[in-house]
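Beneath this line is the structure, given in structure tokens, with notes to follow.
What follows is calculated from the coordinates using simple rules that are stated; it is not laboratory data. Because the structure is predicted, anything quoted here is derived from the model rather than measured. Neighbour counts are summed over all protein chains in view; Cβ atoms, including those assigned to glycine, are modelled from backbone coordinates with ideal geometry.
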Amino acid sequence: MLKLKYNLWFGVYENGKVKVSKNLKESFSKAENPEPLPFSVSEMGTDIFGKKYYEELRRIAIDHAEELVEGELKREDRYVIALVRSLDELNRTINLLDEKLRDLKEIKESAIVRDFEEKILDLKRFRGELEKEIESVMRKIAPNLSEIVGEKIAARLLEKVGSLEKLAELPASTIQVIGAERSLFKALSRIRRGKEAKVPKHGVIFQHPFIKGLPKRKRGKMARFMASKLAIAARIDYFKGELYEKLAEEVRKKYEKLSRNPK
């Protein structure tokens with residue numbers, strides 16, 4: 001007797017019987033209105049390629065692709081956050097070692113001191129490699145944020161918030177003061193006690209030349225506008241991952257307008 005056995009996407013077909021894979025069963029169980037599998041074990045040749053079959057196949061394929069994309073994105077933003085924090089530690093280490101090197105040079109020049117200096121230079125070269133890796137990953141996972149404020153500031157926003165998903169959920173007013181939370185809380189605390197306080201107008205994004213380069217009286221206006229575009233950019237980066245150059249162009253035009261306008 002001829003035996004027929006095929007490995008198929010939904011499991012194994014052998015002599016008129018189908019053994020459905022565990023992953024497929026789990027996928028169907030996630031449906032909003034779970035139904036039996038859209039094909040009959042006993043009617044393999046008639047029902048399996050019906051309309052319901054292809055509808056479920058399409059849904060499963062889309063769900064699987066979305067899971068893969070989301071998983072990859074989560075790994076990448078966690079990776080860049082870890083890189084940023086490693087860079088911070090490396091900068092602190094380099095600054096400390098530079099200070100110790102100056103102390104040693106004041107006392108005596110020696111082969112050890114020259115070796116010490118070379119090792120610090122190696123760390124500084126490695127710092128450059130870390131920065132390039134951060135820029136590369138940010139261009140990949142957050143092209144619009146990177147286009148508006150640059151990879152370094154965009155990466156710092158992610159590091160402060162914890163993930164691209166969380167950043168995409170924040171309103172523009174919160175994005176505007178990311179990094180200045182301590183000053184904000186102090187100011188709000190003073191206000192609640194009936195005292196005067198200066199509420200911060202910007203946090204991390206102050207480092208951008210479009211804000212830093214403006215007169216103080218205009219920085220708040222520029223920060224608000226930039227934060228509003230960053231809020232949009234974060235959502236596009238998270239949900240679509242496509243570059244919309246119009247956003248960065250609007251930020252640039254706003255800066256140019258504020259720079260020209262004396263008021």
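Here's how it looks for Gly213: its modeled amide H is under 5 Å from none belonging to a residue 5 or more places away or on a different chain.
Hey, which of these cross-link pairs are over 20 Å Cα-Cα: Lys160/Lys221; Lys201/Lys254; Lys140/Lys240; Lys218/Lys257? Flagged as over cut-off: Lys160/Lys221. Where the alpha-carbon atoms of region 142-230 are placed on the principal axes, they occupy 43, 30, 17 Å, in descending order.
Near Thr174, within a Cβ-to-Cβ distance under 14 Å, what is the net charge of the other residues, with Lys and Arg +1 and Asp and Glu -1? Once positives and negatives cancel, what remains is +3. Overall, region 116-253 carries a charge dipole of about 1220 debye about its Cα centre when +1 sits on the Cβ of Lys and Arg and -1 on the Cβ of Asp and Glu, all other atoms neutral.
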